[in-house]
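> Sharing a structure here in structure tokens format.
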Amino acid sequence: METARHKLQMDLLVNPLSSWLANREAYVAGNMFVYFSPNQVKNHDFRGPDVFVALDVPRGERKSWVIWEEGKGPDVVIELLSTSTAISDKHQKKEIYQKRLRVPEYFWFDPFNPNDFAGFSIKDRGYEPIIPDAQGRLISQQLGLALVYWYGLYFDTTTTWLRWATLDGSLLPTDIEIAKQAQQQAEQAQQRAEQTESLLEQERQLTQKLLAQLRAQGINPIE
């Protein structure tokens, strides 16, 4: 990856999506070579998408994605732009994804310039731009998810990130967010248990006080 931020952005897209697809046959990878011609042995006809998703394929580890062995190419590709790759990502790579691999959806995003964000959906004549919805999101019809801006802290970097979200607006959580949410829920459960115990103790004390008052009046409530 070009920079540490590029690597973090890749992880922020790959890891939550992989977890979200855990119960579905799919493969999510980042920074992996995709070979699309048997001429790969001659070290050409391959690309290394920063993020890609292949649906309806067996899960499992791969060293690379070989289209003629897998039986299909990626369904979604995301390239993370940089100064050295932007021209290639927007032209040569886009042309290959469109004409050679026929990737149904292609997106690009610049981690250092979030406004440079675009998506394309393949039609009969080639790629057509995906128009942002009213919230500025780009919708992946292949995944039924949205790509959204999110400003926040991820590891040691606070910036505007690109993240996956459900169509109702819920972000796909990171492992850190899942762990934090679980900790918060555990703490809330402990607080509720302590509050319940405190109320029961107050009730016990009140009952004992009332019993003592009755006995002082010569009344035995147990009889």
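The values are calculated or read from the model by the stated rules, or taken from the named source; none is laboratory data. What you are looking at is a predicted structure, and each value in this text was computed from that prediction instead of being measured. Positions of Cβ are backbone-derived with ideal geometry, glycine not excepted, and every protein chain shown enters the neighbour counts. The protein model used for the area step is the full one, side chains on, heavy atoms only, and it has no ligands, DNA or RNA in it. Shrake-Rupley method; radii C 1.70, N 1.55, O 1.52, S 1.80 Å.
> Once label points are set 7 Å from the Cα along Cα→Cβ at both residue 150 and residue 166, what is their separation, rounded to one decimal in nm?
1.4 nm
> Please report, as a whole percent, how much of the solvent-accessible surface of region 73-223 comes from carbon and sulfur atoms (probe radius 1.4 Å).
51 percent
> Continuing with the same structure: Once amide H atoms are built 1.01 Å from N in the peptide plane, which residues 5 or more positions from residue 37, or in another chain, come under 5 Å H to H?
none
> Okay, moving on. Could you give the semi-axes, largest first, of the ellipsoid that matches region 78-153, computed as the square roots of 5 times the alpha carbon gyration tensor eigenvalues and rounded to whole Å?
Calculated on Cα positions only, the semi-axes equal 20, 17, 9 Å.
> Something else now. Taking a 32 Å limit on the Cα-Cα distance, which of the listed pairs 180/209; 93/180; 90/180; 99/180; 7/99 fall beyond it?
Over 32 Å Cα-Cα: 180/209; 93/180; 90/180; 99/180.
> Moving on. Using amide H atoms built in the peptide plane, which far-off residues or other-chain residues are under 5 Å from residue 145 H to H?
Under 5 Å from the amide H of residue 145 lie the amide H atoms of 140, each far enough along the sequence or on another chain.
> Still on this model: Can you give me the long-range amide H partners of residue 75? Hydrogens built in the peptide plane at 1.01 Å from N, cutoff under 5 Å, separation of 5 or more residues or another chain.
Long-range HN contacts for residue 75: 53, 54, 55.
> How big is the dipole moment of region 1-144 about its Cα centre under a simple scheme where the beta carbon of each Lys and Arg is +1, that of each Asp and Glu is -1, and everything else is neutral? Debye, nearest 20, please.
260 debye
> So, one more: In a solvent-free Debye calculation with one equal scatterer on each Cα, what is log10 I(q)/I(0) for the chain at q = 0.10, 0.15, 0.18 Å⁻¹, listed in the order of the q values?
Cα-only, vacuum Debye calculation for the chain: -0.53, -1.02, -1.37.
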